[in-house]
Structures are given as structure tokens and as C-alpha cells.
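What follows draws every value from the coordinates through simple rules; no lab data is involved. Keep in mind it's a predicted model, so treat the numbers as computed, not measured. Positions of Cβ are generated from backbone atoms using ideal geometry, with glycine treated the same way; all protein chains shown enter the neighbour counts.
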Amino acid sequence: MRFLSTIMQFRLTLRPTQRQTLVPFNYAYRLSAFIYTVLAEADQQYAHFLHEQGYVYSTTRRFKLFTFSDLIMPNVRVDTRAGGMWVNSSHIEWIVSFYIDKAAQDFIMGLFQDQRCVIATPKHRTEFIIERVEAVPVEITSDTVRLRTLSPVVIAEKDERGMDQYLHPADEQFGPLLVSNLLAKFASVQTTLLAGDMTDYDPEPASLTYRLLPNPGRQAAQPKSRLVTIKEGAREETKVRGYYGFSFELNGPKELLEMAVLGGVGRYNAEGFGAVGVQ
């Protein structure tokens with residue numbers, strides 16, 4: 001049994017409601033909250049499942065299996081003093097991905113149309129109207145796919161003190177940890193949704209491989225890092241570092257490649273990290 005019949009990402013077109021629009025630097029967590037709110041208005045059970053439970057891999061690991069890109073904002077003006085970026089275009093775009101079946105894709109697509117997306121912090125309030133929602137089919141036709149980052153990818157390993165050390169995409173442990181994370185996500189779906197339907201499908205770690213691709217150009221740009229604050233201002237506030245601006249290749253079973261595109265790679269996908277697009 002295949003969980004997905006057609007895989008799609010959603011491309012949302014957003015229009016600022018004000019002429020002068022400032023998007024705060026740490027906006028991703030607010031976008032995550034917006035997604036939960038939209039889902040809860042239409043399907044409280046599904047929203048509660050994602051927010052409170054997710055797909056269980058172990059007692060300490062569970063996954064939400066959705067993610068989203070950075071806001072795609074052409075010609076922004078960074079204003080450090082104001083704590084954000086001024087939008088200098090009439091529309092911006094946003095890519096959202098869910099690991100769900102085709103029927104749910106059609107359902108969710110309708111939920112976002114005409115919604116008012118508010119990004120509010122103690123210092124900022126920014127509003128957009130979602131004017132268009134487009135389902136974009138993602139074609140994976142072989143066991144190898146080339147992916148580009150749409151938001152920072154967070155891969156970390158514990159040091160001797162138990163603290164997270166965030167890894168560069170070229171680090172020798174980056175690939176194995178990314179692969180291990182994807183395998184755990186896939187196993188969580190088998191456990192949570194499919195019961196015994198796919199117990200005969202048990203991919204080995206060696207069946208999925210990662211390769212960092214060189215950036216094109218005479219002076220190839222290196223992956224960039226970004227330190228992002230999650231739950232800014234709350235008691236649970238934390239900072240994580242992710243890398244973006246790079247492409248990589250995954251080789252393995254199609255089901256795992258689909259998981260990477262729709263569920264995200266690395267950590268904190270539901271907070272807006274690890275979104276990727278097919279090149």
C-alpha cells in the first residue's frame with residue numbers, strides 16, 4: 001500500500017494589507033502557529049493530532065511531517081534597528097508542504113484561500129491576504145533526486161556535555177544524520193498510520209545516501225548559516241542554527257525521497273526548517 005498517490009507542494013501568493021510592511025526576523029514560528037490555526041478551524045481533530053501528538057517514532061521522538069519555506073520576498077530592505085525586513089513588492093510567495101494523501105491535499109488547498117495571515121510579535125504586527133493557492137505537482141521519476149533548500153536545514157549532534165553542535169552541510173556527519181532522521185520519520189508513519197500494511201518495507205540506512213552538490217558559478221557560493229529564535233519572548237525560547245543556500249542529492253527508495261520533499265529534512269520542520277524543492 002502506498003500512502004501517497006500524487007505528491008504536491010502548495011505555493012501561496014500573499015498580498016500585504018499595508019503599504020509599509022515590516023516582516024520581523026524571527027517570523028517562522030508565527031507562520032507555524034498560523035498553519036495550526038487554519039487547520040483547527042476546519043478540522044480540530046487533525047490539528048490536535050499534529051500539534052499534540054504527531055507521528056510517533058519513540059517515547060522521545062515524534063514528527064509533525066509538514067514544513068514550509070522562508071517567505072520569498074523580492075527586493076526587501078533589511079532594517080536591523082527596526083528588527084525586520086521591509087517588503088518592497090506588491091506580492092510575496094510562500095511554499096507549504098504536508099505529507100498527506102491526495103484527498104487531504106485538495107481539502108487543505110481550499111483552507112488557505114483568502115485567509116488573513118498575521119505575523120504578530122510584541123513589537124510588530126504584519127498582515128497578508130492569501131490571494132492565491134496553487135498545488136504544484138512534484139515529480140520524482142527515479143531513485144535519485146536533486147534538492148535545493150527553501151529554508152534553513154538544522155542537523156546537530158550532541159557533544160560531550162550533551163549540547164547540540166550544529167553541523168555544516170559539508171561535515172562528514174551531516175549526511176548520515178540527515179538520512180537517519182528521514183528513516184525515523186518514515187518508520188513513524190508506518191507505526192502510526194499504516195499498522196501492518198507496510199511491515200515488509202524496511203529500508204536499511206545504506207539504501208539512502210546524501211551528497212552535497214557544488215554550487216554553480218565561477219566563484220561558488222558557500223552554504224550560509226542563520227541563527228533563528230524559536231518561541232521568541234516565551235519561557236521556552238530557544239535558538240537554533242540552520243544552513244541554507246545549498247543543493248544536495250539523495251539516492252534511495254522513492255518513498256523516502258517523497259518524505260524528504262513533503263515532510264522536510266533535518267529537525268524542526270514544523271517550525272519552518274528543512275523545507276526543500278526539487279531542482
Q. Listing 7, 140, 92 from the residue with the fewest other Cβ atoms within 10 Å to the one with the most, what is the order?
A. 140, 92, 7
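Net charge near residue 279, counting Lys/Arg +1 and Asp/Glu -1 over other residues with Cβ under 11 Å of its Cβ?
Combined, the nearby Lys, Arg, Asp and Glu give +1.
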Q) Which of the trypsin sites (Lys or Arg not before Pro) found in segment 69-118 are loop residues per DSSP with 12 or fewer other Cβ atoms within 10 Å of their Cβ? A) 81
Q. Which whole DSSP H helices in the chain pass both tests: a Cα extent of 18 Å or more along the axis and a mean Kyte-Doolittle value no lower than 1.0?
A. 174-189
Q: Would you work out if segment 94-167 is rounded, prolate or oblate? Take a ≥ b ≥ c from the square roots of the eigenvalues of the alpha-carbon gyration tensor; rounded if a/c is under 1.5, else prolate when a/b is larger than b/c, oblate otherwise.
A: oblate
Q: Pairs to check: 123/185; 64/158; 231/254. Give those whose C-alpha atoms are more than 27 Å from each other in this structure.
A: 123/185; 231/254
Q: Consider the candidate values (1) 1.02; (2) 1.12; (3) 0.95; state which one is Rg/Rh (Cα atoms, Kirkwood Rh) computed from the structure displayed.
A: (3)
Q: Can you put 119, 155 in order of Cβ neighbours within 10 angstrom, beginning with the fewest?
A: 119, 155
Q) Once every DSSP H run of n ≥ 4 in the chain is given -39500 (n - 2.57) and the sum is divided by its residues, what mean residue ellipticity at 222 nm do you get, rounded to the nearest 500 deg cm²/dmol? A) -6500 deg cm²/dmol
